[in-house]
């Protein structure tokens, strides 16, 4: 592995998110809350200790524990961290 001083700013920013809780919203009305564990080459997101919430038309949110989940990059519409959230709370 290269020393961190030779990594690009984008890689350093992504590395700083490791082991942080992320809230990932997808284009099929699902929200995932979990700890960021990494990405693969196409930038799919890997979350561990994750929960999945499905937003229904009646605005009722139901959730379930999914453990480890790999979210395809092309279904992701938003990724939030506690520092980016307007109310500092990511939880549903």
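Sorted ascending by nearby beta carbons within 10 Å, beginning with the fewest, 17, 47 become 17, 47. Full extension of the chain segment joining residue 40 with residue 68 gains 8.6 nm, where the gain is 0.36 nm per residue of separation less the Cα-Cα distance. At full extension, residue 13 and residue 27 could sit 2.6 nm farther apart than now, given 0.36 nm per residue minus the alpha carbon distance.
Read-outs throughout are calculated quantities, based only on the coordinates presented, and are distinct from any laboratory measurement. Computed from a predicted model, the values in this text were never measured in an experiment. Glycine also receives a Cβ, built like all others from the backbone with ideal geometry; neighbour counts cover every protein chain displayed.
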